[in-house]
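Q: I have a structure I would like to understand better, so I am pasting it below and will then ask my questions one at a time.
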Amino acid sequence: MGLLEAIILAVLAASTPLLIAATGELVTERAGVLNLGVEGMMIVGAACGFGGAWLTGSTIIGALCGIAAGTLLSLIFAMMTLGLAVNQVATGLALTILGIGLSGLIGAGFVGEKIGTAPHLYIPGLTDIPLVGRILFGEDAFVYLSLALVISVWLFLYRTRAGLVLRACGDNHISAHALGYPVLRIRMFAVMFGGACAGLAGAYLPLAYTPFFIPGMTAGRGWIALALVVFSSWRPGRLVIGAYLFGAVTILQLHAQGAGFGIPSQFMSALPYLATVIVLVLISRARTGGSTAPAALGTVFVPDR
Amino acid sequence: MQLVLEKRVERSNTIALVSPLIAIGLTIVTMSILFAILGKNPISALGVYFIDPLTDSYSLQELVVKATPLVMIAIGLSLCYLANVWNIGAEGQFLVGAVAGSWLAVKTHGTEAGHWVLPAMLLLGAVAGALYALIPAICKVRFGASEILTSLMLVYVADLFLDYLVRGPWRDPAGFNFPTTAEFDPVATVPLLIEGGRLHLGAIIALLVVGAAAVLLGRTIKGFEIRVVGAAPRAARFGGFNSNQLILLTFAVSGALAGLAGIIEVAGPVGHLQPGISPGYGFTAIIVAFLGRLNPIGILIAGLFLALTFIGGEQAQIAMKIPLDVTKVFQGILLFYVLACDSLILYRFRLIFPSRKVSSGAA
């Protein structure tokens, strides 16, 4: 396997959790809800995903555990922000703090344990094609799933009536409510979808990326996923580009550390975070004509019955 | 059955005072259940958490020592949150302040430098924290980038930078390869208030900060402007308040306070620069700010309470083998309940039971 092939495979693997989490958050935000708890839901998803897979030996059950954990946490968030009209920013932060604690508690029993990573696709003939074979036909299931997820979300948002209604809730909840759409219920489903995706993205880390659980293993990926949604201007297509770009930055800095250019490793490790700041600045600056964010993003809605 | 929120005509002042207490009560109930799930006796666990640290002088001093950074950071954050801007990177500003102040301590280590060193270190810490906080503020004001994400990203950067310094150029040559600087000289150390105790000058500084914030918010035009910009941005525009300038100001002040807290922590209780100087003070301070209702006196009380959870958590780990993460779970749950109870200030909760007739008529 050539170096280039290895790098591309690693980039895809590093991008996948970002893409899954960001896709979920994109749907949440398109419905007008800003859930800053992605990092918290991811890290609990990672702990539960590892736990599920370690206890049963099944990657699929692990992934389902991650999804369930993320969804449950997002339900708490939905109850608070939609049911009790609490500030979304503060609630999201609370969710992240709680998630970091919970994951440590859940994962304490699993630290130091190892599981087998998710199997990779193998189609005789196709996977053996030099250069592109492994990249196109030799990934783990999550990579394909993440792409299918983005495409379905795109189709849902732009080609279905339900998607249109969801976007309407995100742009003007008062009008959507006046037209008779159940704004809060739609938002709740959007938040749950975001939670499920964040949980799955977290579970990907111990199930497919590194075969063990360490506390804090998400290392800010949830926050980067949030930044990616901004980067994508809330469009699924650009999300894919953004996620792969960030995956590339992560992997390139790892390779650069390995090659040892005499740059301290800490500076290289800081690159993805610095890149996020720079990208946010550039993208926000380019949008001087007006924001592309859903108009009602982050605002509280209390129906007057 | 359906829960419906009804907007109150006026915000309820009674509930504003009682809601943090309700939140703490609910958190303690929830924690008892969690302790029971973990197989620990809830009563004795709660005793170790909340009562034992208050019973001996050492723990009481430690309580104040832990509350000092929490209160200082939370005061700064409360200014931001009142102005409705979200600095969540106080942890990074804390670390940068610690690094900047430590620079002077490392440079003057083993020299004949006089008593000017400590004040200069504190100043450096505050200035560095303010400058570091101004990065997300400028990105927000100038380019419209979300200050939430940028300020948080900078936490990771600060953490890595500190790690680099203590493993690289600033490492103590006599430190057996541990990632730490040399122990600071006496002139670079925050003096103790009680000989042989833990209580240090930082506690007094924190009290002064609380007093200054109370005056700023209650007695000055600037404090009024901060509140108006947060509560009624349109009214603030008509009033001619410069909201961009206020964003920069609140970020700078909160960064300065976090940076000051950082250098006090390093030059005080820790005594040298090393990774892990903060058990998440910058994030816990967010909870302190909300639990204290963004009010300086409230923050002082809330800071002491959350400091109690840190110490209680450590003691519970030693005495009952309760994992340290329980403290974080506790803090997260507390913030949830605080926010939920705050909703009661503006809204009345009402459960609606649809009568059979109506539902069958609608079907």
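The values are calculated or read from the model by the stated rules, or taken from the named source; none is laboratory data. Computed from a prediction, not measured in an experiment: that's the story for all the values here. When we count neighbours, we look across all protein chains shown, and the Cβ atoms used for this are built from the backbone with ideal geometry, even at glycine.
Q: Go through (1) more than 14 Å from chain A (Cβ to nearest Cβ); (2) more than 26 Å from B:ILE311 (Cβ to Cβ); (3) modelled with pLDDT of 95 or more for B:PRO119 and report which single condition fails.
A: (3)
Q: Which residues, taken from the stretch A:81-98, are β-branched (Val, Ile, Thr), within 20 Å of A:PHE189 (Cα to Cα) and facing chain B (nearest Cβ under 7 Å)?
A: A:VAL86, A:VAL89, A:THR91
Q: Something else about it: Scan the stretch B:182-191 and tell me whether some residue there is assigned to a helix (DSSP H, G or I), at pLDDT 95 or above and more than 12 Å from every other protein chain (Cβ to nearest Cβ).
A: Scanning the stretch B:182-191 turns up no residue that is assigned to a helix (DSSP H, G or I), at pLDDT 95 or above and more than 12 Å from every other protein chain (Cβ to nearest Cβ).
Q: Applying the selection to the stretch B:267-290, what residues are within 22 Å of B:SER151 (Cα to Cα) and part of a helix (DSSP H, G or I)?
A: Within the stretch B:267-290, B:TYR281, B:GLY282, B:PHE283, B:THR284, B:ALA285, B:ILE286, B:ILE287, B:VAL288, B:ALA289, B:PHE290 meet the criteria.
Q: Filter the stretch B:291-307 down to residues that are touching a Gly at 6+ places or on another chain (Cβ under 6 Å) and among the aliphatic types (A, V, I, L, M), then give me how many there are.
A: Here the count works out to 2.
Q: While we're on this one: Would you confirm whether or not the stretch B:164-179 contains a residue that is within 9 Å of chain A (Cβ to nearest Cβ) and among the β-branched types (Val, Ile, Thr)?
A: no
Q: If you go through the stretch A:30-37 one residue at a time, do you hit one that is within 13 Å of chain B (Cβ to nearest Cβ), among the charged types (D, E, K, R) and surrounded by 24 or more Cβ atoms within 10 Å (Cβ to Cβ)?
A: Looking for residues that are within 13 Å of chain B (Cβ to nearest Cβ), among the charged types (D, E, K, R) and surrounded by 24 or more Cβ atoms within 10 Å (Cβ to Cβ), one finds none in the stretch A:30-37, hence no.
Q: Additional query: Examine the stretch A:281-293 for a residue that is crowded, with 21+ Cβ neighbours inside 10 Å and either outside any helix (DSSP H, G or I) or in contact (Cβ under 8 Å) with a residue 24 or more places away in the chain (or both), and state whether such a residue exists.
A: Within the stretch A:281-293, not a single residue is crowded, with 21+ Cβ neighbours inside 10 Å and either outside any helix (DSSP H, G or I) or in contact (Cβ under 8 Å) with a residue 24 or more places away in the chain (or both).
Q: Return the only residue of A:PRO236, A:PRO303, A:PRO264, A:PRO272 being at the interface with another protein chain (Cβ under 10 Å from one of its Cβ atoms) and within 29 Å of A:ALA168 (Cβ to Cβ).
A: One residue alone meets the criteria, A:PRO303.
Q: Return the residue satisfying two criteria in turn: it lies in the stretch B:141-157 and is over 22 Å from the mean Cα position of the chain (by Cα) and more than 7 Å from chain A (Cβ to nearest Cβ), and of such residues it is surrounded by the most Cβ atoms within 10 Å (Cβ to Cβ).
A: Among them, the one singled out is B:VAL141.
Q: Follow-up. What's the total number of residues in the stretch B:124-140 that are buried (at least 24 other Cβ atoms within 10 Å of the Cβ), under 16 Å from B:TYR81 (Cα atoms) and more than 12 Å from chain A (Cβ to nearest Cβ)?
A: 2
Q: Okay, next question. Please count how many residues of the stretch B:291-328 are facing chain A (nearest Cβ under 10 Å) and either closer than 23 Å to B:ARG227 by Cα or part of a helix (DSSP H, G or I) (or both).
A: Within the stretch B:291-328, residues that are facing chain A (nearest Cβ under 10 Å) and either closer than 23 Å to B:ARG227 by Cα or part of a helix (DSSP H, G or I) (or both) number 4.
Q: Same structure again: Look through A:GLY107, A:GLY49 and report the one residue that is among the small types (Gly, Ala, Ser) and in contact with a Leu (Cβ under 9 Å, 6 or more places away or on another chain).
A: Among A:GLY107, A:GLY49, only A:GLY49 is among the small types (Gly, Ala, Ser) and in contact with a Leu (Cβ under 9 Å, 6 or more places away or on another chain).
Q: Determine if the stretch B:199-207 includes at least one residue that is under 22 Å from B:GLY268 (Cβ atoms), part of a loop (DSSP other than H, G, I, E, B), without any contact (Cβ under 8 Å) to a residue 40 or more places away in the chain and assigned by TED's automatic domain parsing to the domain that holds B:GLY89.
A: So far as the stretch B:199-207 goes, no, none of its residues is under 22 Å from B:GLY268 (Cβ atoms), part of a loop (DSSP other than H, G, I, E, B), without any contact (Cβ under 8 Å) to a residue 40 or more places away in the chain and assigned by TED's automatic domain parsing to the domain that holds B:GLY89.
Q: Listed residues B:LEU192, B:LEU199, B:LEU216, B:LEU118; which is in contact with a strand residue (DSSP E or B) (Cβ under 7 Å, 6 or more places away or on another chain), on the phi < 0 side of the Ramachandran plot and crowded, with 17+ Cβ neighbours inside 10 Å?
A: Residue meeting the stated conditions: B:LEU199.
Q: If you don't mind, another one. Scan the stretch A:110-153 for residues that are surrounded by fewer than 19 Cβ atoms within 10 Å (Cβ to Cβ), at pLDDT below 80 and either within 22 Å of the chain's Cα centre (by Cα) or in a helix (DSSP H, G or I) (or both) and jot them down.
A: Correct list: A:THR117, A:PRO119, A:HIS120, A:VAL132, A:GLY133, A:ILE135, A:LEU136, A:PHE137.
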